[in-house]
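Peer 1: Right, I'll just put the structure down here and ask away after.
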Amino acid sequence: MYVKEVFSIWRLLKGIWVGVVAVTAYATLVFYLFSYQNWHFLSFPISITTILGTALSLLLGFRTNSAYDRWWEARKSWGEIVNDSRTLVRQAVAFTEAPAKEKDELVSNIAHLQIAWCYALANSLRRTQVLVYADLHLTAQEREYVSAQDNIPNAILNLIQFKVASLHESGKIKTLLYQNIDDTLRRLCDAMGKCERIKNTVFPTQYAFFVHLVIFIFTLVLPMGLVESIGRIAIPITFTISFLFFYVEWIAYIMQNPFENGPNDIPMTSMSRNIEINLLQLIGAEKIPEKILPKNGVVM
């Protein structure tokens, strides 16, 4: 995710420059044919351009809002994961009743499983190697168990559930307190499901195609509606207006998929590292990793 604004012409034009250059060349051709070849039939009433522009603005507004809603829901889900991860370990520390050394081992195991779950979920959503970073917090037996599962984050969450249930059955966590921990695990599972729903639900392709089609039609009509009234000025005006529409549509496109391992992603790796730092400090671990710092204004 971009964490600071660095002005870059390439960043502005990336993904849309072909369309903008093509539209500008087309506007230049329309002006040439109208002014020097007397193709006056190329002139359209400005009212047609106005109606199409208004309709396109409404469509792009809805498209951008829908894409932002997906991105913001993903960010809120990871905010819930951060909070509930801290709550889970804090509950484990406060609710577990056992001799000091045994308690430290039990709570440490839960904390490391939760850290592994966060990294595994982030990698799973990005379709990368799921156990990267996560395997550092799993025992050999735990790695063998989760590697045999299709959904590794769900398998890790299951291990946490088994661990907490075992503590409850052995009397180390009272029933009422166990219910509180179980509710925290349920919220973590809900957050995972929300992220998976966003990842696996494709933004409606029919609607995206329709918006592309309307932009194409509008850019064809725009210079025809301007050339008679403002002449050669229609060329830079066409460039500016088409650039704005193309750029807004491109913003919607890159925001609609917040788990694609790109610079506009939710910074899940960085958030997982922050969770790791917080949880290790809660259990009094000696080795605490460093925070992940932005590179070229981007943090992943």
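The values are calculated or read from the model by the stated rules, or taken from the named source; none is laboratory data. Given the structure is predicted, the values throughout are model-derived calculations rather than measurements. Cβ atoms come from the backbone with ideal geometry, glycine included; neighbour counts cover every protein chain shown. Protein only, heavy atoms only, side chains kept; ligands, DNA and RNA dropped before computing areas. Shrake-Rupley method; radii C 1.70, N 1.55, O 1.52, S 1.80 Å.
Peer 1: Has segment 69-76 got any residue that is free of Cβ contacts under 8 Å to residues at least 12 places away in the same chain and among the charged types (D, E, K, R)?
Peer 2: yes
Peer 1: Given the residues ASN278, ASN274, ASN264, which is the only one that is open to solvent by 30 Å² or more (accessible area, probe 1.4 Å) and either touching a His at 6+ places or on another chain (Cβ under 7 Å) or assigned to a loop (DSSP other than H, G, I, E, B) (or both)?
Peer 2: Unique residue meeting the criteria: ASN264.
Peer 1: If you go through segment 244-261 one residue at a time, how many are part of a loop (DSSP other than H, G, I, E, B) and charged (D, E, K, R)?
Peer 2: At the first step, the residues of segment 244-261 found to be part of a loop (DSSP other than H, G, I, E, B) are 256-261.
When the remaining residues are screened for being charged (D, E, K, R), the result is 260.
Residues that pass the stated criteria total 1.
Peer 1: Give just the number: which of (1) within 29 Å of PRO204 (Cα to Cα); (2) surrounded by fewer than 16 Cβ atoms within 10 Å (Cβ to Cβ) does VAL299 not satisfy?
Peer 2: Unmet condition: (2).
Peer 1: Something else about it: Quick one: which helices (runs of 4 or more DSSP H) lie wholly within segment 127-243 and hold at least 2 residues that are surrounded by fewer than 18 Cβ atoms within 10 Å (Cβ to Cβ) and among the charged types (D, E, K, R)? Steps first, please.
Peer 2: Numbers: elements: 140-147, 152-169, 175-200, 205-230.
It comes to 140-147, 152-169, 175-200.
Peer 1: Pairs, please: C-beta under 6 Å, at least 6 apart or cross-chain, first residue touching a residue at least 40 places away in the same chain (Cβ under 8 Å) and of a type outside the set (S, T, N, Q) and in segment 191-204, second open to solvent by less than 20 Å² (accessible area, probe 1.4 Å) and assigned to a loop (DSSP other than H, G, I, E, B)?
Peer 2: From segment 191-204, the pairs are LYS199/PHE259; PHE203/GLN256.
Peer 1: Which ones in segment 260-300 are under 27 Å from ILE198 (Cα atoms) and acidic (Asp, Glu)?
Peer 2: Listed by number, the residues that qualify are GLU260, ASP265, GLU276.
Peer 1: Can you name the residue in segment 70-96 that is over 30 Å from the mean Cα position of the chain (by Cα) and at pLDDT 90 or above and, of all such residues, is most open to solvent (accessible area, probe 1.4 Å)?
Peer 2: Out of the qualifying residues, it is ALA94.
Peer 1: I'm trying to understand the selection: among the residues of segment 89-125, which are of a type in the set (D, E, K, R) and part of a helix (DSSP H, G or I)?
Peer 2: First, pick out the residues of segment 89-125 that are of a type in the set (D, E, K, R): 90, 97, 101-105.
Selection gives ARG90, LYS101, GLU102, LYS103, ASP104, GLU105.
Peer 1: Let me ask something else. Can you tell me which residue among SER35, SER47, SER43 is surrounded by fewer than 14 Cβ atoms within 10 Å (Cβ to Cβ) and more than 26 Å from GLN206 (Cβ to Cβ)?
Peer 2: On the way: SER35 fails: surrounded by fewer than 14 Cβ atoms within 10 Å (Cβ to Cβ); SER43 fails: surrounded by fewer than 14 Cβ atoms within 10 Å (Cβ to Cβ).
The unique qualifying residue is SER47.
Peer 1: Turning to a different aspect of this structure: Given the structure, is ILE251 more than 22 Å from TRP117 (Cα to Cα), surrounded by fewer than 19 Cβ atoms within 10 Å (Cβ to Cβ) and hydrophobic (A, V, I, L, M, F, W, C)?
Peer 2: yes
Peer 1: Also, I was wondering about something else. Examine segment 251-265 for a residue that is of a type in the set (A, V, I, L, M, F, W, C) and free of Cβ contacts under 8 Å to residues at least 60 places away in the same chain, and state whether such a residue exists.
Peer 2: No, segment 251-265 contains no residue that is of a type in the set (A, V, I, L, M, F, W, C) and free of Cβ contacts under 8 Å to residues at least 60 places away in the same chain.
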